[in-house]
Structure formats: structure tokens, C-alpha cells
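S.K.: Let me give you the structure first, and then I'll get to my questions.
The values are calculated or read from the model by the stated rules, or taken from the named source; none is laboratory data. Note that this is a predicted model, so its numbers are computed, not measured. Positions of Cβ are generated from backbone atoms using ideal geometry, with glycine treated the same way; all protein chains shown enter the neighbour counts. Calculation scope for accessible area: heavy atoms of the full protein, side chains included, ligands and nucleic acids excluded. Shrake-Rupley method; radii C 1.70, N 1.55, O 1.52, S 1.80 Å.
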Amino acid sequence: DVAGNLVDCYLPVFGWWSPENRCHWRLADPQPPVGHPAWEGNTDGAIYLVVCMGAPSTSGGFVWRADPPPGFGGSGPTPEELAQRAVEHLPLAQPQFGMTPTPGSTGLVGLPVWLWLSGDVWAPVSATASVPGLSVTATATPVTVEWDMGDGTTVTCRSAGIPYEPSAGDSMSPECGHRYDRPSSGEPDEAYDVTATVTWDIQWSGGGASGALTQTRSATTQARIGE
């Protein structure tokens, strides 16, 4: 600038200016499909749209790079930092779940306990964080729900489970269930503490970078079991 300070050079239409070749670089959005000539046979990195104003001897258009060019993104956040912002905006709420016996009622030793998550929770969710010239999207997919039954037993399920229906009688849940072999008398509040923990696999990408994270959300209720 006029004071002699270094500043980021970014134009919304052309992208970030790079001192490497005196061209503007912008991520192609959407990225060309795999197999497009711009990838030059590569599968990593990213494709950029390059505009070279005042540098007629330098070619522009689609260019593949394994890493962003110097100056890309300026002094702003890195793709990894933007990924963390995107993850913070993912709607990963504490699980709401159903169970037989229902809280407040009493089940019996040996009878099946059905376990399930309520609502539309077993589906991927996404969030995007952006700054000028750089955008990162994180997508979280539920992979397991682990049920700590309070009696020393852990049940791991790979689905949301199926809500109990009276027509099922005393059959076990076909997806996610448990049987207690002793009553909950003697436990605090005369009931077992039951905790459901959902594990989310998070994949993020943007700015020529990508990564994976894992997060969990938990909720607890009680199961009262009699003889």
C-alpha cells in the first residue's frame, strides 16, 4: 500500500495474485471431473483458473497444482483453520433416543430392551466456511451409536435402530437391543444409567487440501429393571 506495507492482493473475479508468476489464481468451482485433461493424470491437489494480466508470455486457463501457489489465500486462515470453523457449524446435536422400557416405567429381567435414535438423525450433514478466495466444506456422517447400558455392557450399533411397536411382542430388536440379566435394585435411583454416544466421521476439503476428523455427541437416560 502507500505506506509501504505488504497487503493481500485479491480480486473477486480473478482470485489471488501470486508473485510466483504475476498471475491471479482462483479455485475452479466446480472442479473438473476426474479424467479431465486439466488434471494431467493426477488425482490429488486441485484445479485453478489462472488469469495473467500484464504477463503475455505466461499461459492461463485451467492449471493443476498439488499445493496452492504462493500468495493464495493471503494472510487469512489456512484450509485447516477454515475446516475447524466449518466443523463448529455442523448441526451435531445431542442424540434424542427412545427405549423400552420407557423412562418412568419398569422393565423385567430377561425381556428385550429396544434401543433407537429419534428423528431424522442418521443422515450426513454439511457446513461451509469461507473467506475471499477460499472455501472449505465439512461433511459429517454418523457411523456408530454406542449404548452404555449401565450394567457393564456396551452395545454398538451401526444404524439408528427401529422404534418398538406393540406388535413386536417380546421379540428382540432386529437392529439394536439388549437384555438385562439382573435387576437395577441397588443402583443409584434404583435404575441403570443408559448413555448413547453417536460417533460422526467428518471429511473436509477445500483450497487444495483435505482431511478427516471424528466427533461424538452423547445423551443419558435411565432404565429401571425389576425381577
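S.K.: Could you work out what % of the accessible surface of the chain is carbon and sulfur, using a 1.4 angstrom probe and leaving DNA, RNA and ligands out of the count? Could you put the intermediate results ahead of the total?
M.R.: On the way: 6450 of 12250 Å².
Carbon and sulfur: 53 percent of the exposed surface of the chain.
S.K.: So how do D201, D67 rank on accessible area, 1.4 Å probe, biggest first, that is with the largest at the start? Please report the intermediate quantities before stating the final value.
M.R.: Values: D201 50, D67 100 Å².
Result of the area sort, largest leading: D67, D201.
S.K.: Turning to a different aspect of this structure: Can you compute 3J(HN,Hα) from phi for each residue in the stretch 155-160, using the Karplus curve 6.51 cos²θ - 1.76 cosθ + 1.60 with θ = phi - 60°, rounded to whole Hz and x for Gly and Pro?
M.R.: 10, 10, 10, 10, 8, 6
S.K.: Given Cβ point charges of +1 (Lys, Arg) and -1 (Asp, Glu) and nothing else, what value in debye, to the nearest 20, does the dipole of the stretch 146-211 about its Cα centre take?
M.R.: On the way: 3 positive and 12 negative charges, 69 e Å.
Rounded to the nearest 20 debye, it is 340 debye.
S.K.: Distance in nm between label sites at S118 and S185, each 7 Å beyond Cα in the beta-carbon direction?
M.R.: 3.1
S.K.: With r as the distance between the Cβ atoms of S130 and T199 and R0 = 25 Å, compute the FRET efficiency 1/(1 + (r/R0)^6) and round to 0.05.
M.R.: 0.35
S.K.: Related question: Full extension from E20 to E88: what is 0.36 nm times the residue separation minus their Cα-Cα distance, to one decimal in nm? Intermediate values should be presented prior to the final figure.
M.R.: Values: separation 68, 0.36 × 68 = 24.48 nm, distance 3.41 nm.
Here the answer is 21.1 nm.
S.K.: Now, a different point. Mind running the shape call on the stretch 55-190? Use the C-alpha gyration tensor, a ≥ b ≥ c as the square roots of the eigenvalues: rounded below 1.5 for a/c, prolate if a/b tops b/c, oblate otherwise. Walk me through the numbers before you get to the answer.
M.R.: Values: a/c = 4.35, a/b = 3.34, b/c = 1.30.
Prolate is the answer for the stretch 55-190, as a/c is 1.5 or above and a/b outweighs b/c.
S.K.: What list of ³J(HN,Hα) couplings, whole Hz, do you get for the stretch 143-149 from phi and the Karplus terms 6.51, -1.76, 1.60, once you set θ to phi - 60° and write x for glycine and proline?
M.R.: 10, 8, 10, 9, 9, 8, 7
S.K.: Keeping every protein chain present and rolling a 1.4 Å probe, give me the accessible area per residue for the chain in Å². Let's see the in-between values first.
M.R.: Working: 12250 Å² over 227 residues.
Accessible surface, normalised per residue, equals 54 Å².
S.K.: A follow-up question, please. Could you work out the pair-distance distribution P(r) of the chain from its alpha-carbon pairs, with 10 angstrom bin width and percents rounded to whole numbers?
M.R.: 7, 24, 21, 14, 12, 11, 7, 3, 0
S.K.: What are the ³J(HN,Hα) couplings of the stretch 37-46, residue after residue, when phi is run through the Karplus curve with 6.51, -1.76, 1.60 and θ = phi - 60°? Round to Hz, x for glycine and proline.
M.R.: Using θ = phi - 60°, the values come out as x, 4, 6, 6, x, 8, 10, 9, x, 7 Hz.
S.K.: Non-local amide H neighbours of Q215 (under 5 Å, H modeled in plane, Pro and chain starts lacking H): which ones?
M.R.: Correct list: W200, I202.
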